[in-house]
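J.: The structure that follows is given in the form of structure tokens.
The values are calculated or read from the model by the stated rules, or taken from the named source; none is laboratory data. Fair warning: this is a prediction, and the values are worked out from it, not measured in the lab. Here Cβ is always computed from backbone atoms with ideal geometry, including for glycine, and neighbour counts include all displayed protein chains.
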Ligand code: ARG
Ligand code: ZN
């Protein structure tokens, strides 16, 4: 059963306002709803409300109780016929939060004795709470009353402004909330339980006094300070960068350990996976801090890109998610380093989105159809969607982009919009026709951009020929050409950038410029070029494509040394490492790319004045396994892993044990546990140096790692040491460190997730036994998504040789766990099953094994729609 974009119809009914009353309890909650309904036409069609798993107690129309003949209840709908064009419908239903293991709708976080109640409604969780038009283009004014036992649920929260509270009989109390901003049902939220609060006043740029409240359970409230600071930075940043101000008296953010995704932007009441809210130096790595800041920004920015202007339908999901990811990426880049953030974001895109776009689950940024919308919260919708906004922003330039977003927010405030609406506003503000870019939203698959160049000494011309090609993807056999902006520079052999004058132009236009490839192929001719230059193409990753440009190792090494574009400098190293990987994988003993890669990095490493330690750390890492897998087809994960190891080994040898030891010692001496950017950069480099050192002098590196583990001032240092000890240490060392780590952090769920994950990611013949032992650990549970991701997600996605074991035992293990998990939590099961993506590109033996396990999974009786959708599309 597929929902199609082309079938979109506006709702035949509106809901002007809704009043909700919750009589909350853990086992059973009663929900009263009063909907003010208005038919869109004078001759109303039957009203069909969404609802799932609701126990109907009573229905009233305009105050009169409806008998069983007055309505019809179907599996997922309530139908009422012959309604007047405007009427009030009241319903009372019972729901069961404690039994809700899917974590969608109203559910319990933690234990029945101590936990709290909360909701998750996006995309279609509200229909698990009450009968409603559960679609994003139905915007309604909400008035909410919560009632509960005052001792068990002292804190009662819902979105909007608090308008009253008081006591009831029998120790119960109530609290009322009104949200002045009409919103779709997916942005509704409530929270009830024992929570502590960290509070801070904030004045918006346009003068509104706001209270910022961060909520967590008592043992975690002390870890909310960093997030509170990040929230204020995000609010200021959005005021300055986009002119967006917050719009309620209070902004609540709540942390829960039980959450299917990262976080949720419910209006006025954000709910966060604790992983993205709680942070302190003893338990959180530097990367963890940056993730908290990024997600805080992301959810806050949704208040405008998502909430004030929402999506017409779920096909437009990237309208809010792609745009908001772009906004959070820009925010993080402004808070830290532009170049590093770009490197991280592109690396993520290549690790997560490129494989998705190349496999059976490939779909456009704006899908044309879906069977289960929760399966489309993907890297394509989020990360590729962000790249599309980035291209549009670059195309129109910063001033026009700001005018365009202002226009978009003003024009669509309080309503539900489409991707076309955003492109129209940006285009109007810039006086540019952006409609050609709509093709990017409709077409799946990563375009391949091939570049070939030659120099003509006689004419002093340099000719660049660009061509694009996108391979067919499931359901899209024919691909169209896309507009591809290619930012470039040309380097002379001495590292100088050359002035760029295209044939027909009177003067050179700077040393960097953007060419737009709009056809299948085009030639660009540069004049006044004396000798063959070195092209630096797709600078800053100006389009989400795979660049194919054969370059001599020496040219890449020069870019690695000299390119001023931090991203392309890193990219030159990745290109060299990929070339070296291909040669290593093909069995070559010596190859130019490897020598150039290790040589250039050796030279950079030896430069004591190389000031950017964090960039150096990134330069010293070859591409991830999931990127390298795409370079050989079919592939054997053992062979890919072995070739990548040879690369790292060669790099470590080229740098040399004594240089690595010396650098480690110097960085170690500088370490004081500070959290400023230089300290974080030092730790990042130190971690990489320790890992490389262990490859060439394991005993010395292990001794250093043991000392570092024992003395670590924070989690970054402790974890870096632990990882090295787990990979290179003997059984006693491994056991001792893990025991010490658990003794220290056993009561901290997020750190225990790390304890599980670092073990699940270690490759080796006994890797599967390790995973089995972790699954049998008393602290493991399928009921907690973070724990599931820590063990099973890490195993299936990060530990490629273990998951893809030649005997199929890794597949069997995952399938058995998926079958059990699907009974409890279909969303998390469906996300985990995507680890099978790419199975068809495996060498024949593994391919057959993976397929038969997927088929067995498909044949499981009672599979959820979520998991069935993933498995069926994976097999199609
Ligand atoms: N809108 C949330 C975000 O900030 C994601 C929520 C998705 N939840 C889900 N069950 N599909 O990205
Ligand atoms: Zn989002």
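J.: Report yes if residue 354 is within 18 Å of residue 874 (Cα to Cα), in a helix (DSSP H, G or I) and in contact (Cβ under 8 Å) with a residue 40 or more places away in the chain, otherwise no.
T.: Values: within 18 Å of residue 874 (Cα to Cα): yes; in a helix (DSSP H, G or I): yes; in contact (Cβ under 8 Å) with a residue 40 or more places away in the chain: yes.
The answer is yes for residue 354.
J.: Turning to a different aspect of this structure: Please specify each residue of the stretch 262-274 satisfying the condition of being over 18 Å from residue 329 (Cβ atoms), within 13 Å of ligand 1 (Cβ to nearest atom) and part of a loop (DSSP other than H, G, I, E, B). Steps first, please.
T.: Looking only at the stretch 262-274, we keep the residues that are over 18 Å from residue 329 (Cβ atoms), and these are 264, 266-274.
Those still in the list that are within 13 Å of ligand 1 (Cβ to nearest atom) too: 264, 266-267, 270-273.
Answer for the stretch 262-274, where residues must be over 18 Å from residue 329 (Cβ atoms), within 13 Å of ligand 1 (Cβ to nearest atom) and part of a loop (DSSP other than H, G, I, E, B): 266, 267.
J.: Is one or more of the residues making up the stretch 305-312 surrounded by fewer than 24 Cβ atoms within 10 Å (Cβ to Cβ) and either part of a helix (DSSP H, G or I) or more than 16 Å from ligand 2 (Cβ to nearest atom) (or both)?
T.: yes
J.: Another question, then. Just a yes or no: is a residue in the stretch 303-314 away from ligand 1 (no atom under 13 Å from the Cβ), more than 22 Å from residue 133 (Cβ to Cβ), touching a residue at least 40 places away in the same chain (Cβ under 8 Å) and over 18 Å from the mean Cα position of the chain (by Cα)?
T.: Let us first name the residues in the stretch 303-314 that are away from ligand 1 (no atom under 13 Å from the Cβ), namely 304, 308-309, 312-313.
Checking the rest, the ones that are also more than 22 Å from residue 133 (Cβ to Cβ) come to 304.
Then keep just the ones that are touching a residue at least 40 places away in the same chain (Cβ under 8 Å); that gives 304.
Now narrow it down to the ones that are over 18 Å from the mean Cα position of the chain (by Cα): 304.
The answer is yes, given that some residue of the stretch 303-314 is away from ligand 1 (no atom under 13 Å from the Cβ), more than 22 Å from residue 133 (Cβ to Cβ), touching a residue at least 40 places away in the same chain (Cβ under 8 Å) and over 18 Å from the mean Cα position of the chain (by Cα).
J.: How many residues does the stretch 404-419 hold that are in a helix (DSSP H, G or I) and closer than 12 Å to residue 304 by Cβ? Break it down into steps so the answer makes sense when it comes.
T.: Of the residues in the stretch 404-419, the ones in a helix (DSSP H, G or I) are 404-412, 419.
Going one step further and asking which of them are closer than 12 Å to residue 304 by Cβ, we end up with 405-406, 408-410, 412.
Final tally of qualifying residues: 6.
J.: Can you confirm whether the stretch 382-396 contains a residue that is free of Cβ contacts under 8 Å to residues at least 60 places away in the same chain, more than 16 Å from ligand 1 (Cβ to nearest atom) and either within 27 Å of residue 685 (Cα to Cα) or over 13 Å from the mean Cα position of the chain (by Cα) (or both)?
T.: Within the stretch 382-396 (the criterion being free of Cβ contacts under 8 Å to residues at least 60 places away in the same chain, more than 16 Å from ligand 1 (Cβ to nearest atom) and either within 27 Å of residue 685 (Cα to Cα) or over 13 Å from the mean Cα position of the chain (by Cα) (or both)), the answer is yes, since at least one residue qualifies.
J.: Output the residues belonging to the stretch 87-141 that are more than 16 Å from ligand 1 (Cβ to nearest atom), under 20 Å from residue 35 (Cα atoms) and under 30 Å from the mean Cα position of the chain (by Cα).
T.: Residues of the stretch 87-141 that are more than 16 Å from ligand 1 (Cβ to nearest atom), as a first pass: 87-99, 108, 110-117, 130-133, 137-141.
If we keep only those that are under 20 Å from residue 35 (Cα atoms) too, we end up with 87-95, 130-133, 137-141.
The answer is 130, 132, 133, 137, 138, 139, 140.
J.: Please pick out the residue among 639, 666, 662 that is surrounded by fewer than 20 Cβ atoms within 10 Å (Cβ to Cβ) and closer than 26 Å to residue 798 by Cβ.
T.: Working: 666 fails: closer than 26 Å to residue 798 by Cβ; 662 fails: closer than 26 Å to residue 798 by Cβ.
After ruling out the rest, the residue left standing is 639.
J.: Right, something else. Of everything in the stretch 318-345 that's touching a strand residue (DSSP E or B) at 6+ places or on another chain (Cβ under 6 Å) and within 11 Å of ligand 1 (Cβ to nearest atom), which residue is nearest to residue 276 (Cα to Cα)?
T.: As a first pass, look at the stretch 318-345 and keep what is touching a strand residue (DSSP E or B) at 6+ places or on another chain (Cβ under 6 Å): 319-320, 323-324.
Cutting the leftovers down to within 11 Å of ligand 1 (Cβ to nearest atom) gives us 320, 324.
Numbers: 320: 20, 324: 16 Å.
That would be 324.
J.: Can you give me the number of residues within the stretch 235-255 that are more than 13 Å from ligand 1 (Cβ to nearest atom) and either surrounded by 23 or more Cβ atoms within 10 Å (Cβ to Cβ) or outside any helix (DSSP H, G or I) (or both)?
T.: So the first thing to find is which residues in the stretch 235-255 are more than 13 Å from ligand 1 (Cβ to nearest atom), and the list is 235-252, 254-255.
From the residues that got through so far, the ones that are either surrounded by 23 or more Cβ atoms within 10 Å (Cβ to Cβ) or outside any helix (DSSP H, G or I) (or both) too are 235, 238, 243-252, 254-255.
Looking only at that region, the number is 14.
J.: Taking only the stretch 706-740 into account, find how many residues are free of Cβ contacts under 8 Å to residues at least 24 places away in the same chain and surrounded by 21 or more Cβ atoms within 10 Å (Cβ to Cβ).
T.: Going through the stretch 706-740 one residue at a time, the tally reaches 2.
J.: Right, here's the next one. Out of the stretch 796-829, which residues are assigned to a loop (DSSP other than H, G, I, E, B) and farther than 24 Å from residue 844 by Cβ?
T.: Our first condition is that a residue be assigned to a loop (DSSP other than H, G, I, E, B); within the stretch 796-829, this holds for 799, 804-808, 825.
The one that is assigned to a loop (DSSP other than H, G, I, E, B) and farther than 24 Å from residue 844 by Cβ: 825.
J.: Moving on. Filter the stretch 355-375 for residues that are surrounded by fewer than 21 Cβ atoms within 10 Å (Cβ to Cβ) and within 26 Å of residue 434 (Cβ to Cβ) and give the result.
T.: Within the stretch 355-375, 368, 369, 370 meet the criteria.
J.: Just to check your reading of the model, which residue among 795, 780 is surrounded by fewer than 21 Cβ atoms within 10 Å (Cβ to Cβ), modelled with pLDDT of 95 or more and more than 16 Å from ligand 2 (Cβ to nearest atom)?
T.: Working: 795 fails: surrounded by fewer than 21 Cβ atoms within 10 Å (Cβ to Cβ).
Selected residue: 780, the only one of 795, 780 that is surrounded by fewer than 21 Cβ atoms within 10 Å (Cβ to Cβ), modelled with pLDDT of 95 or more and more than 16 Å from ligand 2 (Cβ to nearest atom).
J.: Run down 673, 656 and say which single residue is at pLDDT below 95 and touching a helix residue (DSSP H, G or I) at 6+ places or on another chain (Cβ under 9 Å). If you could, list the steps in order and put the result at the bottom.
T.: Numbers: 656 fails: at pLDDT below 95.
It is 673.
J.: Would you check if there is a residue in the stretch 85-92 being modelled with pLDDT under 95 and out of contact with any helix residue (DSSP H, G or I) (no Cβ under 8 Å at 6 or more places or on another chain)? First the steps, then the outcome.
T.: Filtering the stretch 85-92 for residues modelled with pLDDT under 95 gives none.
No; the residues of the stretch 85-92 include none that is modelled with pLDDT under 95 and out of contact with any helix residue (DSSP H, G or I) (no Cβ under 8 Å at 6 or more places or on another chain).
J.: Another question, if that's okay. So residue 297 clears everything in (1) more than 11 Å from ligand 2 (Cβ to nearest atom); (2) buried (at least 24 other Cβ atoms within 10 Å of the Cβ); (3) farther than 24 Å from residue 363 by Cα except one condition, right? Which one?
T.: (1)
J.: Residue by residue through the stretch 832-867, note down the ones that are assigned to a helix (DSSP H, G or I), out of contact with any strand residue (DSSP E or B) (no Cβ under 7 Å at 6 or more places or on another chain) and touching a residue at least 60 places away in the same chain (Cβ under 8 Å). Walk me through how you get there before you give the answer.
T.: If we filter the stretch 832-867 for residues that are assigned to a helix (DSSP H, G or I), which is where we start, we get 832-836, 839-841, 844-858, 865-867.
Remaining after also requiring out of contact with any strand residue (DSSP E or B) (no Cβ under 7 Å at 6 or more places or on another chain): 832-836, 839-840, 844-849, 851-858, 865-867.
Hits for the stretch 832-867 are 834, 840, 844, 846, 847, 865, 866.
J.: Moving on to the next point. Filter the stretch 319-355 down to the residues that are more than 12 Å from the chain's Cα centre (by Cα) and within 16 Å of ligand 2 (Cβ to nearest atom) and list them by number.
T.: 319, 320, 323, 327, 330, 331, 332
J.: Would you point out the residue of the stretch 130-186, among those that are in contact with a helix residue (DSSP H, G or I) (Cβ under 8 Å, 6 or more places away or on another chain) and within 27 Å of residue 216 (Cβ to Cβ), that is surrounded by the fewest Cβ atoms within 10 Å (Cβ to Cβ)?
T.: Ranking the candidates gives 151 first.
J.: What's the number of the only condition in (1) more than 15 Å from ligand 1 (Cβ to nearest atom); (2) surrounded by 24 or more Cβ atoms within 10 Å (Cβ to Cβ) that residue 189 fails to meet?
T.: Of everything listed in (1) more than 15 Å from ligand 1 (Cβ to nearest atom); (2) surrounded by 24 or more Cβ atoms within 10 Å (Cβ to Cβ), residue 189 misses just condition (1).
J.: Out of contact with any helix residue (DSSP H, G or I) (no Cβ under 7 Å at 6 or more places or on another chain) and over 23 Å from residue 741 (Cβ atoms) - does that describe any residue in the stretch 695-707?
T.: Checked against the condition, which is being out of contact with any helix residue (DSSP H, G or I) (no Cβ under 7 Å at 6 or more places or on another chain) and over 23 Å from residue 741 (Cβ atoms), the stretch 695-707 yields no hits at all.
J.: I'd like to check something: does the stretch 371-379 contain any residue that is farther than 20 Å from residue 244 by Cα, more than 16 Å from ligand 2 (Cβ to nearest atom) and assigned to a loop (DSSP other than H, G, I, E, B)?
T.: Taking every residue of the stretch 371-379 in turn, at least one turns out to be farther than 20 Å from residue 244 by Cα, more than 16 Å from ligand 2 (Cβ to nearest atom) and assigned to a loop (DSSP other than H, G, I, E, B).
J.: Take the stretch 157-179 and flag every residue that is without any contact (Cβ under 8 Å) to a residue 40 or more places away in the chain and assigned to a strand (DSSP E or B). Write out each step before concluding.
T.: Of the stretch 157-179, the ones without any contact (Cβ under 8 Å) to a residue 40 or more places away in the chain are 163-178.
Matches in the stretch 157-179: 163, 164, 165, 166, 167, 172, 173, 174, 175, 176, 177, 178.
J.: Restricting to the stretch 275-290, give me the number of residues that are in contact with a helix residue (DSSP H, G or I) (Cβ under 6 Å, 6 or more places away or on another chain) and either more than 13 Å from ligand 2 (Cβ to nearest atom) or outside any helix (DSSP H, G or I) (or both). Outline the logic, then answer.
T.: So the first thing to find is which residues in the stretch 275-290 are in contact with a helix residue (DSSP H, G or I) (Cβ under 6 Å, 6 or more places away or on another chain), and the list is 275-280, 283-286.
Add one more test, that the residue is either more than 13 Å from ligand 2 (Cβ to nearest atom) or outside any helix (DSSP H, G or I) (or both), and what stays is 275, 277-280, 283-286.
Selection size over the stretch 275-290: 9.
J.: Which condition from (1) more than 30 Å from residue 367 (Cβ to Cβ); (2) touching a strand residue (DSSP E or B) at 6+ places or on another chain (Cβ under 9 Å) is the one that residue 449 breaks?
T.: Here residue 449 meets the rest and fails (1).
J.: OK, next. Scan 614, 577, 621, 572 and give me the residue that is within 29 Å of the chain's Cα centre (by Cα) and part of a loop (DSSP other than H, G, I, E, B). Quick ask: steps written out before the conclusion?
T.: Numbers: 614 fails: part of a loop (DSSP other than H, G, I, E, B); 577 fails: part of a loop (DSSP other than H, G, I, E, B); 572 fails: part of a loop (DSSP other than H, G, I, E, B).
Matching residue, one of 614, 577, 621, 572: 621.
J.: Of the residues 122, 113, which single one is within 16 Å of ligand 2 (Cβ to nearest atom), part of a loop (DSSP other than H, G, I, E, B) and either crowded, with 20+ Cβ neighbours inside 10 Å or modelled with pLDDT of 95 or more (or both)? Please lay out each step first, then the result.
T.: Numbers: 113 fails: within 16 Å of ligand 2 (Cβ to nearest atom).
Within the list 122, 113, the selection yields 122.
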